[in-house]
Amino acid sequence: MTTFNPTCGVCKKPVVAFAGGILANNFIVQLNHEIAEAGNWVAATDGEQGAQVNAVTLLLLDANKEALSPRGQTQSFKQHLLDRRMDRAAHKNRLRKILDYQERVAQGDAPELKDVYLLLHDRCAPQSWLDFGFWIPLERINDHQKALGWTMQLAGKHTTDLRVWVQTLEGIFGRIAV
Ligand SMILES: [Zn+2]
């Protein structure tokens, strides 16, 4: 059993003794829901669930930078770094890119997004998010064998980016020596 303590993606505090889980999804339906609930996309980043919205948009942009960059453009790595630095503070900017992507989906002109994985305390995962996402309680992925089992399952999904999934595993277990 590993003793590595992962950090919650929302409150940034350690998730001690695996008291949390991984929320897995591309979160697009969820973000639409948040925007509708808040009344507009600016309010969605400031409301009660603003921390979750912001954590998700940062992950989404990192994992799907090509799909979420402006139409027909592949973002340069330098531009990505600049955007990312700006986006750490400018949450609304990220949400704007995601909304633009949704417009492209409506026009049938958008690649499918890969899933992202948000590691959360139970208390940092609002029920409305659990309703939309796929929740993996950490007790179901608390050793290397279970992690391998999940990896084998997720590897078969076309929405899985294994690089992103492995980053999530490293957040839980650290680097595993081979
Ligand atoms: Zn937390």
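What follows draws every value from the coordinates through simple rules; no lab data is involved. Everything numeric here is computed off the predicted structure, so don't read it as measured data. All Cβ positions, even for glycine, are placed from backbone atoms using ideal geometry, and neighbour counts span all protein chains on display.
The angle separating the long axis of helix 144-155 from the principal Cα axis of greatest extent in the chain is about 30 degrees. The simple spin-label model puts a point 7 Å past each Cα toward its Cβ; for Leu99 and Val166 those points are separated by 3.7 nm.
In units of the rule-of-thumb radius 2.2 N^0.38 Å, the chain shows an alpha carbon radius of gyration of 1.03.
Could you name the aspartates and glutamates whose alpha carbon sits less than 17 Å from that of Lys78, not counting residues in the same chain fewer than 8 places away? Those aspartates and glutamates meeting the cut-off are Asp62, Glu66, Asp87.
Extending 7 Å from the Cα toward the beta-carbon at both Glu66 and Asn40 defines two label points whose distance is 3.5 nm.
Packing here is the average count of other Cβ atoms within 10 Å per residue, and on that basis the peptides 9-17, 52-60, highest first, run 52-60, 9-17. Mark the label point 7 Å from the Cα of Asn5 along Cα→Cβ and return the residues of the range 90-129 whose backbone N is within less than 14 Å of it. Residues passing the 14 Å test: 121. So which aspartates and glutamates pass the test for Lys157, namely a Cα distance under 12 Å, with those fewer than 8 places away in the same chain ruled out? Once the sequence-local aspartates and glutamates are set aside, what remains near Lys157 is Asp115.
Checking the Cα-Cα distances for Lys13/Lys92; Lys13/Lys97; Lys65/Lys92; Lys92/Lys114; Lys92/Lys146 against a 26 Å cut-off, the pairs over it are Lys13/Lys97; Lys92/Lys146.
Between 0 and 90 degrees, the angle of helix 91-106 with respect to the longest Cα principal axis of the chain falls at about 70 degrees.
Relative to the longest principal axis of the Cα atoms of the chain, the long axis of helix 28-38 lies at roughly 70 degrees.
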